[in-house]
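Have a look at the structure below, then the notes.
FYI, it's all coordinate maths here, none of it is from the lab. As the structure is a computational prediction, the values presented were derived from the model and not from experiment. Please note: Cβ atoms are built from the backbone with ideal geometry, for glycine as well, and neighbour counts cover all protein chains shown.
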Amino acid sequence: MAHMKPLPKETTPELADDFAIFEDILGFVPNSLLTMQRRPAMVKGFGALTNAVMDPAGAVDPGFKRLIAHFASRAAGCQYCEAHSLIAAQIKGVSEDKVAAVWEYQTSPHYSDAERVALDFALAAGSVPNAVDGELFARLREHWSEEQIVEILGAVCLYGFLNRWNDSMATDLEDSPKQLGKAVLSQGGWTGGKHVKNE
């Protein structure tokens, strides 16, 4: 059960445009932001950073950036963000086959060598202590430009904030990401943890 109750989105009308950013990404306003709205400037700042990192005009595919976020969240152990990032990946065009093969990304034909090394990087960068080393960075440079690497790490870092927020708040997981977690992520041991009320 969440440590702090999300407020209705209508509580802070001046955040309507900011909440719309996340409705576009997820199809709903996440409980994390409905809790965070107690400090509206934080929601606005986070929305601005999200727009910058997840810019669809960037050098990395927007759906793939959500997969990077998923792997960073997996490394951090945030089951709320693991499920959210996969929902966002699907909304941004990542195929169901690719999402279903997320646990086999190293061997699945749905993933390229460039994607595999980027996801390895996301796991290493999302770990504590950080596990990025020179060898991994050299492998990353074989497939990705410096601009793309900045975007990839931006996605890892954006979700680093969310991982800490949602695990500390024990944010309740909404229905659609919970269903995706059960269908896809449970194969790898995902349970929803503190983010799923006893059913």
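In degrees between 0 and 90, to the nearest 10, how far off the longest principal axis of the chain does helix 40-53 point, with axes built from Cα atoms?
That helix lies at roughly 20 degrees to the long axis.
Cβ neighbours within 10 Å, averaged per peptide: list 85-96, 44-55 in order, most packed at the top.
Ranking the peptides 85-96, 44-55 by packing returns 85-96, 44-55.
In the neighborhood of GLU151, defined by Cβ-to-Cβ distances under 11 Å, what is the net charge if each Lys or Arg adds +1 and each Asp or Glu adds -1?
-3
Relative to the longest principal axis of the C-alpha atoms of the chain, give the angle of the C-alpha long axis of helix 113-126, reported between 0 and 90° and rounded to the nearest 10°.
That helix lies at roughly 50 degrees to the long axis.
Treating only the Cβ of Lys, Arg, Asp and Glu as charged (+1, +1, -1, -1), what charge dipole size does segment 96-154 show about its Cα centre? Round to the nearest 20 debye.
100
Within segment 110-168, report the GluC sites (Glu not before Pro) that DSSP leaves as loop and that have at most 12 other Cβ atoms within 10 Å.
GLU142
For segment 103-145, which semi-axes, largest first and in whole Å, follow from the square roots of 5 times the eigenvalues of its Cα gyration tensor?
18, 14, 6
I need the fraction of alpha carbon pairs in segment 77-132 separated by more than 12 Å, rounded to a whole percent.
The calculated P(r) of segment 77-132 puts 70 percent of pairs beyond 12 Å.
May I ask for the net charge around GLY77, where only other residues with Cβ less than 14 Å from the Cβ of GLY77 are counted and Lys, Arg are +1 while Asp, Glu are -1?
Net local charge, GLY77 excluded: +1.
Please give the helix 79-91 orientation as an angle from the longest Cα principal axis of the chain, in degrees from 0 to 90, rounded to the nearest 10.
Compared with the principal axis, the helix lies near 80 degrees.
Apply the a/c threshold of 1.5 to the C-alpha gyration tensor of segment 62-189 and tell me whether it is rounded, prolate or oblate.
Note, shape of segment 62-189 comes out oblate.
Post the alpha-carbon centroid distance, segment 149-197 to segment 16-69, in whole angstrom.
14
Taking 0.36 nm per residue of sequence separation and subtracting the Cα-Cα distance, how much length would be gained by fully extending the chain between SER127 and ARG164, in nm to one decimal?
Using 0.36 nm per residue and subtracting the Cα-Cα distance, I get 12.1 nm.
If you bin the C-alpha pair distances of segment 18-96 every 5 Å from 0, what whole percents do you get?
Using 5 Å bins, I get a P(r) of 3, 16, 24, 27, 21, 8, 1, 0 for segment 18-96.
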